[in-house]
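Here, each number is a calculation from the coordinates, and none is a lab measurement. Since we're looking at a predicted model, the values are computed, not measured. Every residue, glycine among them, receives a Cβ derived from its backbone with ideal geometry; neighbour counts consider all protein chains shown.
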Amino acid sequence: METALPALDAAYWQARYEAARTAWDAGGITLPLQTYFEQLVVERQPRVLIPGAGHAYEAEYLHCAGFEHVFVADIASAALAAVARRVPDFPAAHLLLADFFRLQPAPEPFDLLVEQTFFCALDPALRPAYARQCADLLRPGGTLVGLLFEADFGPVREPPFGGGREEYRAYFEPYFEFRHFATATNSIRPRAGRELFICLKKKQL
């Protein structure tokens, strides 16, 4: 008999952080995203959201690079507290203790959403809703960029959950144009050959 998934709620993630069960944590920004950020050319300060941000090394990197409108969202207060301790000048109002799926499109939508080990932490049944919510929170022409595990982790009953590019493509195609969708060439060693780097543009209305 197949075992049901645990409730992947705030209590679950809070417990994992408190127990330091954070094997996904790379300890810093990973090279694929750092390389992407380094080549960004912006004419104005973009609004950036990093959902399921965990320790939010990507937010720290952007903040230190002078990006002023970077927001992180997580349902575990322990994750956000770690960011606040590590980056004391990060705006407290930009640390959102919130369920990604309940975030409402702002009067000024986001220009960039950054995906880093959030998608793989979700119940796979939520993947279509994830793609739709990303699109809802972005302005037309906005970008979803990040990394998805391109690997089969077998019948695991808790995160991370794997998958493949054709499955992922079906989730995002209704809302996004595909600018880049290929195996990352500069992953950290433990993830080499197992990450899909994505850069997707929200379709214009």
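Data table
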quantity: Positive-end residue of 199, 90, 76, charge dipole of the chain with Cβ unit charges; calculated: 199
quantity: Other-chain or far-sequence residues with amide H under 5 Å of residue 113's (modelled H); calculated: 49, 143, 144, 145
quantity: Backbone HN-Hα couplings from phi across segment 96-102 [Karplus 6.51/-1.76/1.60, Hz, Gly and Pro as x]; calculated: 9, 7, 7, 7, 3, 6, 9
quantity: Chain lengthening between residue 18 and residue 99 when straightened (0.36 nm per residue, less Cα-Cα); calculated: 27.3 nm
quantity: Nearest-20 debye value, segment 1-106 charge dipole, Cβ charges on Lys, Arg, Asp, Glu; calculated: 120 debye
quantity: Segment 85-153 - percent relative contact order, Cα under 8 Å, separation 6 or more; calculated: 42 percent
quantity: Positive-pole candidate from 41, 6, 137, dipole of the chain, charges at beta carbon; calculated: 41
quantity: Long-range amide H partners of residue 187 with built H, under 5 Å; calculated: 193
quantity: Prolate/oblate/rounded call for segment 153-199, Cα gyration tensor, a/c under 1.5 rounded; calculated: oblate
quantity: Within the chain: Cβ-based charge dipole about Cα centre, in debye rounded to nearest 20 (Lys, Arg +1; Asp, Glu -1); calculated: 180 debye
quantity: Ellipticity estimate at 222 nm from DSSP helix runs (n ≥ 4, -39,500 (n - 2.57)) divided over the chain, nearest 500; calculated: -7500 deg cm²/dmol
quantity: Length-normalised contact order of segment 1-115 in % [C-alpha pairs under 8 Å, at least 6 apart]; calculated: 29 percent
quantity: Förster radius 41 Å - calculated FRET efficiency between residue 43 and residue 9, Cβ distance, rounded to 0.05; calculated: 0.55
